[in-house]
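**Student:** Sharing a structure here in structure tokens format.
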Amino acid sequence: MNSIRRINVGCGQTPTEGWRNFDNSLSLRLAKIPFLPALLHKAKILEASQYQFMSFARSNRIEYGDVAKGLPLSDGSVDVLYSSHMLEHLDREEASLFLKEVRRVLCSGGIIRLVVPDLHKHVQQYIESGSADAFIAGTHLLSSR
């Protein structure tokens with residue numbers, strides 16, 4: 001009997017145990033090169049947080065995957081795809097490519113669960129507080145991937 005194939009796309013520092021976890025951080029690509037992260041950290045090219053993320057990603061088997069360029073998965077090979085607070089970081093073209101990629105990798109009857117900021121909640125908070133800075137920060141629309 002085949003096990004259910006589940007992936008978490010754009011997991012960052014919150015991989016899901018028992019799933020294949022993907023992120024498109026450059027740190028993941030650098031972490032694959034033996035000794036490079038330690039060397040870059042010693043040379044003070046990498047900040048401590050970047051070095052820690054590389055170690056975390058390696059120990060949690062987070063894989064590099066860019067949804068706009070295609071995930072390293074076969075057509076119809078995924079039963080469940082989950083992505084939390086990633087879609088809002090994509091521009092319109094990237095979001096379209098992401099959704100096409102989701103369609104490609106999901107099997108027939110597959111499940112997708114996307115979590116995005118609650119814009120209504122953020123607008124209500126903005127109306128109450130009047131803070132445009134808090135509104136933008138809460139939507140994650142200007143933060144980097």
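**Student:** So Ile112 clears everything in (1) over 18 Å from Ile4 (Cα atoms); (2) of a type in the set (A, V, I, L, M); (3) not in a loop (DSSP other than H, G, I, E, B) except one condition, right? Which one?
**Tutor:** Ile112 satisfies every listed condition except (1).
**Student:** Checking Thr139 against (1) crowded, with 16+ Cβ neighbours inside 10 Å; (2) modelled with pLDDT of 90 or more; (3) over 13 Å from the mean Cα position of the chain (by Cα), which test does it fail?
**Tutor:** Looking at each condition in turn, Thr139 falls short on (2).
**Student:** Tell me, which helices (runs of 4 or more DSSP H) wholly within the range 1-107 include 1 or more residues that are in contact with a Leu (Cβ under 9 Å, 6 or more places away or on another chain), surrounded by 15 or more Cβ atoms within 10 Å (Cβ to Cβ) and modelled with pLDDT of 95 or more? Show your work before the answer.
**Tutor:** Values: elements: 26-31, 36-42, 48-59, 92-105.
Here the list reads 92-105.
**Student:** Within the range 116-125, is there a residue that is under 26 Å from Gly18 (Cα atoms), at pLDDT 90 or above and among the aliphatic types (A, V, I, L, M)? Explain how you work it out, then say what you get.
**Tutor:** Taking the range 116-125 and keeping what is under 26 Å from Gly18 (Cα atoms), we get 116-117.
Going one step further and asking which of them are at pLDDT 90 or above, we end up with none.
Scanning the range 116-125, I find no residue that is under 26 Å from Gly18 (Cα atoms), at pLDDT 90 or above and among the aliphatic types (A, V, I, L, M), so the answer is no.
The values are calculated or read from the model by the stated rules, or taken from the named source; none is laboratory data. All of these numbers come straight from a predicted model, not from anything done at the bench. Using ideal geometry, Cβ is built from the backbone for each residue, glycine included, and neighbour counts are taken over all protein chains shown.
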